[in-house]
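Enquirer: This is the structure, below, for whatever I ask next.
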Amino acid sequence: MDLGDFPLESIGLPAAVFRSEAGQHVHVNAAFRALMEDRLGPDKAPLFEDLDALLGGQLQDVNPESGDSIIQEIKIGRKRHSFEFTVGLISRGETNAVLLLGVDKSDVVKAEAKLSSYVGIIEENNRELQRLANTDPLTEAANRRALFNRFEELVKQVSDFHCTVSILDIDHFKRYNDEYGHDFGDFVLKTFAQQVRVQLADKTIFARIGGEEFCVVDYSGGAEMAREKLQGALDAVRDLQLDTPKTESVNITFSAGVAEYGRDGHTLDDLLKNADRALYYAKANGRSCVIPYSAELFEKRDTTLIARVDNLKSRE
């Protein structure tokens, strides 16, 4: 049987049959010829070279026995179409040839591109939602939920985990709101968070845990180093002069209590409680200082820990 006897017109897709040799004629159906119209003209019989050129020179490198496919963009009129051509061997009696079938996947490609774009948008939105769910909107510090989640992750993932947990409380914060308004109070909170964050190491969690209270989990080194960083943050914040809505300017200070993982507790709840007790002591002793928790700072009366200070002031 001659190649021209293959019933290509009965195939609804662009189809061609040929032998993979230069100079050999290629038999195509009307749908395939339409793809080659700009190259052939109405009367020229296509050759293997014409078919290979249409497919960007890929045809000569395809092994028909492997079931490979060729992806090629073809211009039809003013539009470009993305075709996938499947190559396979066929036999009719003693005649062996290669069959090439094309499928226009332009709509599929466009749909996949749109889907990929939509997936990207959804993923970006999910990341933003995740960020918002774990971030304090005013200061952009982590929120309480993120603090606890990240702490649990670190305990499980970091071998020989060790850290310090500190609570920082802006001194006399109520005065900023009362004297200058809540907008200025928000400005103080944002400025404070920015300045403290600059002083912290990479291996820290910085979170706002309520009002003017912030928490620092430092797992970058030893307890003494963590306290030195907090003292550096206190010095940096204390040097700031913030212009108020009135004529004067004010500075910021904070008090901090520090608890050490292992020595002062193994859970974040316990560490926060002991850091809070040390903070209570710091505020009762003049504020603007960093105090590590120690049982020696307190005496137990019944079931209550009482700070050993004279003229203990109520905590703000």
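Enquirer: Only one of (1) touching a Cys at 6+ places or on another chain (Cβ under 7 Å); (2) free of Cβ contacts under 8 Å to residues at least 24 places away in the same chain; (3) hydroxyl-bearing (Ser, Thr, Tyr) fails for THR267. Which number is that?
Expert: (1)
Enquirer: Contact list please: Cβ distance under 8 Å, first residue in region 136-162 and under 12 Å from CYS215 (Cα atoms) and in contact (Cβ under 8 Å) with a residue 24 or more places away in the chain, second residue open to solvent by 80 Å² or more (accessible area, probe 1.4 Å) and of a type in the set (D, E, K, R), pairs at least six apart or on different chains.
Expert: The qualifying pairs are ALA141/ARG197; ALA142/ARG150.
Enquirer: With respect to ALA201, determine if the residue is modelled with pLDDT of 95 or more, of a type in the set (Gly, Ala, Ser) and closer than 30 Å to SER294 by Cβ.
Expert: The answer is no for ALA201.
Enquirer: On to the next question. Give region 58-81 a look and list any residue that's farther than 17 Å from ASP38 by Cβ and open to solvent by 20 Å² or more (accessible area, probe 1.4 Å), or say none.
Expert: The answer is GLN58, GLN60, ASP61, VAL62, ASN63, PRO64, GLU65, SER66, GLY67, ASP68, SER69, ILE71.
Enquirer: I'd like the full set of residues that are among the polar types (S, T, N, Q) and under 24 Å from the mean Cα position of the chain (by Cα), limited to region 183-242.
Expert: Restricting attention to region 183-242, the residues satisfying the condition of being among the polar types (S, T, N, Q) are 191, 194-195, 199, 204, 220, 231, 241.
Correct list: GLN194, THR204, SER220.
Enquirer: Please specify each residue of region 257-316 satisfying the condition of being touching a strand residue (DSSP E or B) at 6+ places or on another chain (Cβ under 7 Å), in a loop (DSSP other than H, G, I, E, B) and at pLDDT below 90.
Expert: The answer is ARG308, and nothing else.
Enquirer: Can you go through GLU212, GLU224, GLU228 and tell me which one is open to solvent by 10 Å² or more (accessible area, probe 1.4 Å), at pLDDT 95 or above and among the charged types (D, E, K, R)?
Expert: Unique residue meeting the criteria: GLU212.
The values are calculated or read from the model by the stated rules, or taken from the named source; none is laboratory data. Keep in mind that what you see is a predicted model, and the values were worked out from it rather than measured. Glycine also receives a Cβ, built like all others from the backbone with ideal geometry; neighbour counts cover every protein chain displayed. To get the accessible areas, we keep the full protein, side chains included, count just its heavy atoms, and leave off ligands, DNA and RNA. Shrake-Rupley method; radii C 1.70, N 1.55, O 1.52, S 1.80 Å.
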